[in-house]
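The values are calculated or read from the model by the stated rules, or taken from the named source; none is laboratory data. Everything numeric here is computed off the predicted structure, so don't read it as measured data. Neighbour counts run over all protein chains shown; Cβ positions are idealised from the backbone, glycine included. These accessible areas exclude ligands, DNA and RNA; they are computed on the full protein's heavy atoms, side chains included. Shrake-Rupley method; radii C 1.70, N 1.55, O 1.52, S 1.80 Å.
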Amino acid sequence: MTTSRERLEAVGNQIPPLIALIVLWMLLWGEFSWLNLLVAFVVGIVVTVAFYLVPVQLSGRVHPLHAVVFFVRLILDIVRASIDVAWLAIQPKLVTSNAILAIRLHTRSDLILTWTAVATSIVPGSIVVDVDRESSILYLHVLDMHSAADIESFRRQVLDTEQRIVRGFGSREDVERMRGVPPANRRTARGADQNEQGPS
């Protein structure tokens, strides 16, 4: 049994893909008309109903400063990694040591997991080859891994990317989990502190 709130959230989660389908339809036709808009809306409804996907729960939270930090750092990482990969390609004696790494993320959010995978894959030198959604593990093919220190450095980069995404777009539960304290425990701790202080 689902509550009316859960049904409303399920409908709300289908709105972004519906809007994306409408925009895509209009771009394919190359012109705006009310008829095209109506047809796009009908086609979008049919597609979202016939090819229903498990809704991704949006956090409903955006921290502007941390969001800017994430995008700026992502651009810098892309530039740095592009230079590194280009340098590898032009070396006269190219000796690479690639690796498949399994990196367990802290998040349990499908949205954060997906964004972390995409943000990591668009940086040259690594690509996500598989995802274990149940355990929040990313499997990545990574270039130029020569030592345990290189592996640990890359793992730290992925976890830092996850942390920046959580700070910018994650829910409060995601933020609490990144701090290493489950939300329930933190609430319990706060309640205990209040009980110890008592009325003033």
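Of note, residue 40 satisfies the criterion of being in contact with a Phe, Trp or Tyr (Cβ under 8 Å, 6 or more places away or on another chain) and either open to solvent by less than 70 Å² (accessible area, probe 1.4 Å) or modelled with pLDDT of 85 or more (or both).
Looking at the structure I just gave you, is residue 115 open to solvent by 90 Å² or more (accessible area, probe 1.4 Å), touching a Phe, Trp or Tyr at 6+ places or on another chain (Cβ under 8 Å) and not acidic (Asp, Glu)? For residue 115, the condition - open to solvent by 90 Å² or more (accessible area, probe 1.4 Å), touching a Phe, Trp or Tyr at 6+ places or on another chain (Cβ under 8 Å) and not acidic (Asp, Glu) - is met. Residues in the stretch 131-177 that are acidic (Asp, Glu) and modelled with pLDDT under 90 were compared, and the one that is nearest to residue 111 (Cα to Cα) is 174. Condition test on residue 122, is it surrounded by 12 or more Cβ atoms within 10 Å (Cβ to Cβ), closer than 30 Å to residue 172 by Cβ and under 16 Å from the mean Cα position of the chain (by Cα)? When the stated conditions are applied, residue 122 passes them. Considering the stretch 98-112, the residues that are within 16 Å of residue 142 (Cβ to Cβ) and open to solvent by 70 Å² or more (accessible area, probe 1.4 Å) include one that is modelled with the lowest pLDDT, namely 98. Within the stretch 15-37, track down each residue that is open to solvent by 60 Å² or more (accessible area, probe 1.4 Å) and more than 22 Å from the chain's Cα centre (by Cα). Answer for the stretch 15-37, where residues must be open to solvent by 60 Å² or more (accessible area, probe 1.4 Å) and more than 22 Å from the chain's Cα centre (by Cα): 23, 24, 25, 27, 28, 29, 30, 31, 32, 34, 35. Please determine, by comparing only the residues of the stretch 131-163 that are charged (D, E, K, R) and surrounded by 12 or more Cβ atoms within 10 Å (Cβ to Cβ), which one is nearest to residue 77 (Cα to Cα). That would be 160. Assess whether residue 127 counts as being in contact (Cβ under 8 Å) with a residue 24 or more places away in the chain and either open to solvent by 50 Å² or more (accessible area, probe 1.4 Å) or at positive phi (or both). So residue 127 fails the test. Annotation for the stretch 82-97: no member residue is open to solvent by less than 70 Å² (accessible area, probe 1.4 Å), touching a residue at least 24 places away in the same chain (Cβ under 8 Å) and under 24 Å from residue 167 (Cβ atoms). Residues that are of a type in the set (A, V, I, L, M), in contact (Cβ under 8 Å) with a residue 12 or more places away in the chain and over 18 Å from residue 171 (Cβ atoms) do not occur anywhere in the stretch 59-66. Across the stretch 54-77, not a single residue is classified as at pLDDT below 80, farther than 24 Å from residue 116 by Cβ and hydrophobic (A, V, I, L, M, F, W, C).
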